[in-house]
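Q: Take this structure first; my questions come after.
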Amino acid sequence: MTVAPLKKTPAPLIDVESAQQRLKNVVNQTPLLPNLTYSELFQADVLLKREDLQTVRSYKIRGAYNKIAALLEQRPDLKHVVCASAGNHAQGVAFTCKKLGILAAVYMPVTTPQQKIEQVKMFGGNHVNLVLVGDTFDEAQQQAYAFSEQHDYPFIHPFDDVDIIAGQATIAVEILQQSQRHIDYLFVPIGGGGLASGMLSVFKQQSPNTQVIGVEPAGAASMAAALQTGRNTKLAHIDRFVDGAAVQQVGQTTFEICQQLLDDVISVPDGLICQTILNLYNKDAIVVEPAGALALAGLEQYADKIKGKRVVCVLSGSNNDITRIEEIRERALLYNGLKHYFLVRFPQRAGALKEFVADILGPADDITYFQYQKKHNREHGPAVIGIELKHNEDFAPLLQRMKSGGFFNDYLNNQPELFSMLL
C-alpha cells in the first residue's frame, strides 16, 4: 500500500525518519509473511512480521542502535554506556557497542536464560561487562541506574526513551510499505511498551483505522494495570516466565502514548503462549521465545472480530533456550487439559499398582510422573502421579474410576502451592 510522508507525532516527538537513516544498512528489513496455519484457524488473512529473523534475533537492535547512534551524534567522545535488560535489549546494546567501538556495562537478572547470556557475550565480546544481579528486570535496572549515576555514563533504557521508541517504530514503516492493502488489526507484544508506542506513533498517522491491540502476559500485565488506574502503576509481584516481557512497571512515556492511542490491551495465559510456541515450531518450523509468541497468542481473544479481516502480528524474538522446551510443553498440556497431577492412595499390598494401571487408567492414558513412598505403619501409601491424556474429555471418566476404585486422594492442578513444586 502507498504510505504518506510521516508527520510529527504527539509530544514527546518520535523522530522515525532519523531512525530510518541511522538504521540503514544495520538492521534487516524483515519479511511480512502470510501464515496459513493461523489464517485457517481464525478464518482471517493473518500475516507475521518476522522480527525473529532480525539481527540479534529480535527487534530490540532497532531501538538500541538508534539511541546510541543518536548519542554519538551529540557526544562524539562517548566511550561508555550502561543498560539493564531481560535479554534481548542487552543483545542489541552489545551488538551496537561492538560495532561502534563503545564499552557497555550490561545488567541482567540472575534468572535470565543462559542462552541470552551467552548471546550477549557473543555479540559484545570485550566491549561488554556483564553483571547478573537481582531476580527481576526491575531489580537489575535499579543497580544499573546506580552505576550509571555513579560514573556519569548514559543509561540506555530498554523502552522508556523517545529514540528507543523511534527505532522500534521503523517496524511499522516497513509493515505499511510491505502490505498490499489495508490492515484491519495489528497485534503487538507489550513488556515495557516501547514497541507498542513506536507502532502507534506510525500507524495512528498513516493507517488510523487500523486497530492496534497490545498483548501482555497474564502474569505481568503492567500496561493493563496502568491504563485501568489511569496512572503508571507498579505491580507488586510478577510471573517471570515470559522473561522478555516481564516488567513490574511500564515506561512513563510509553504509558502516555499507549493511554492516548492504544485501542485495546489484552493479557494471555502462559499455557496459551506455550501452545503458540509449539504450533509455530511443529507446523511452520518457526522458533520463538515466550515473549516472541505473545502477539500471535492474542488472536484467540479476538477470534470473532478478526474473522475475514487482514491481521498482522509481530513475532518479536526467537531467543529461546532449548532447555526450556520441556517446561513449555508441560505448560501447554496443562492449558489444554491434557496433563493432570493427583495424590493417589495405594493400598500397601502386592498388585495395587498393577490394578491401577489395568483398571483405572484409560487405554490412551500415560503416566509421566510417579513419586511413591511406602510406609509400613500405614494402610495406604501416598503417591504423586502425573497423567497425560490424549483427549481432555477423558479426564472426567478417569477421575470417576479413581474415586470408585478407592485410589483418589486429591487433585493437585488447582492447588498452586503444591502444584508449583512439580514444575
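Q: Out of everything in the stretch 238-276 that is buried (at least 20 other Cβ atoms within 10 Å of the Cβ) and among the acidic types (Asp, Glu), what residue ends up being modelled with the lowest pLDDT?
A: Asp243
Let's see how each residue does on (1) farther than 21 Å from Leu280 by Cα; (2) at pLDDT below 95; (3) of a type in the set (Phe, Trp, Tyr); (4) out of contact with any Cys (no Cβ under 9 Å at 6 or more places or on another chain):
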site: Lys8; (1), (2), (3), (4): yes, yes, no, yes
site: Ala11; (1), (2), (3), (4): yes, yes, no, yes
site: Ile14; (1), (2), (3), (4): yes, yes, no, yes
site: Arg22; (1), (2), (3), (4): yes, no, no, yes
site: Leu33; (1), (2), (3), (4): no, no, no, yes
site: Leu36; (1), (2), (3), (4): no, no, no, yes
site: Ser39; (1), (2), (3), (4): no, no, no, yes
site: Gln43; (1), (2), (3), (4): no, no, no, yes
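Q: What's the total number of residues in the stretch 211-264 that are within 12 Å of the chain's Cα centre (by Cα) and part of a helix (DSSP H, G or I)?
A: Qualifying residue count for the region: 6.
Q: With farther than 17 Å from Gly292 by Cα and either in contact (Cβ under 8 Å) with a residue 12 or more places away in the chain or in contact with a Lys or Arg (Cβ under 6 Å, 6 or more places away or on another chain) (or both) as the only criterion, which of Ala86, Ala70 stands out? Walk me through how you get there before you give the answer.
A: Details: Ala86 fails: farther than 17 Å from Gly292 by Cα.
So the residue among Ala86, Ala70 that is farther than 17 Å from Gly292 by Cα and either in contact (Cβ under 8 Å) with a residue 12 or more places away in the chain or in contact with a Lys or Arg (Cβ under 6 Å, 6 or more places away or on another chain) (or both) is Ala70.
Q: Here's a follow-up. Which residue pairs have Cβ atoms under 6 Å apart, sit 6 or more places apart or on different chains, and have a first residue in the stretch 99-126 that is farther than 19 Å from Arg324 by Cβ and a second that is of a type in the set (S, T, N, Q)?
A: Ala105/Asn129; Tyr107/Gln143; Phe123/Gln91
Q: Taking the stretch 51-88 only, how many residues are of a type in the set (Lys, Arg) and surrounded by fewer than 18 Cβ atoms within 10 Å (Cβ to Cβ)?
A: Here is the first cut: in the stretch 51-88, the ones of a type in the set (Lys, Arg) are 57, 60, 62, 67, 75, 79.
Checking which are surrounded by fewer than 18 Cβ atoms within 10 Å (Cβ to Cβ) leaves us with 75, 79.
Total meeting the criteria: 2.
Q: Step by step: first the residues of the stretch 325-343, then only those that are assigned to a helix (DSSP H, G or I) and crowded, with 18+ Cβ neighbours inside 10 Å, then the one that is nearest to the chain's Cα centre (by Cα). Which residue is that?
A: The qualifying residue nearest to the chain's Cα centre (by Cα) is Ile328.
Q: Looking at Gly63, Gly92, can you tell me which residue is free of Cβ contacts under 8 Å to residues at least 40 places away in the same chain and under 24 Å from Pro290 (Cα atoms)? Lay out the reasoning, then the answer.
A: On the way: Gly63 fails: free of Cβ contacts under 8 Å to residues at least 40 places away in the same chain.
After applying the criteria, what remains is Gly92.
Q: May I ask you to list the residues in the stretch 120-137 that are crowded, with 19+ Cβ neighbours inside 10 Å and out of contact with any Gly (no Cβ under 8 Å at 6 or more places or on another chain)?
A: Phe123, Gly124, Val128, Gly134, Thr136, Phe137
Q: Which members of the stretch 25-41 meet the condition of being surrounded by fewer than 20 Cβ atoms within 10 Å (Cβ to Cβ) and part of a helix (DSSP H, G or I)?
A: Matches in the stretch 25-41: Leu36, Thr37, Ser39, Glu40, Leu41.
Q: Among the residues of the stretch 221-237, is any among the hydroxyl-bearing types (Ser, Thr, Tyr), under 27 Å from Glu388 (Cβ atoms) and either in the same structural domain as Lys116 (by TED's automatic domain parsing) or modelled with pLDDT of 95 or more (or both)? Reasoning before the result, please.
A: Applying the first criterion (among the hydroxyl-bearing types (Ser, Thr, Tyr)) to the stretch 221-237 yields 222, 229, 233.
Pick out the ones that are also under 27 Å from Glu388 (Cβ atoms) and you get none.
No, that holds for no residue.
Q: Within the stretch 349-361, track down each residue that is surrounded by fewer than 14 Cβ atoms within 10 Å (Cβ to Cβ) and without any contact (Cβ under 8 Å) to a residue 40 or more places away in the chain.
A: Filtering the stretch 349-361 down to residues surrounded by fewer than 14 Cβ atoms within 10 Å (Cβ to Cβ) leaves 349-351, 354, 357-359.
Arg349, Ala350, Gly351, Lys354, Val357, Ala358, listed by residue number.
The values are calculated or read from the model by the stated rules, or taken from the named source; none is laboratory data. Since the model is a prediction, treat every value here as computed from it, not as a measurement. When we count neighbours, we look across all protein chains shown, and the Cβ atoms used for this are built from the backbone with ideal geometry, even at glycine.
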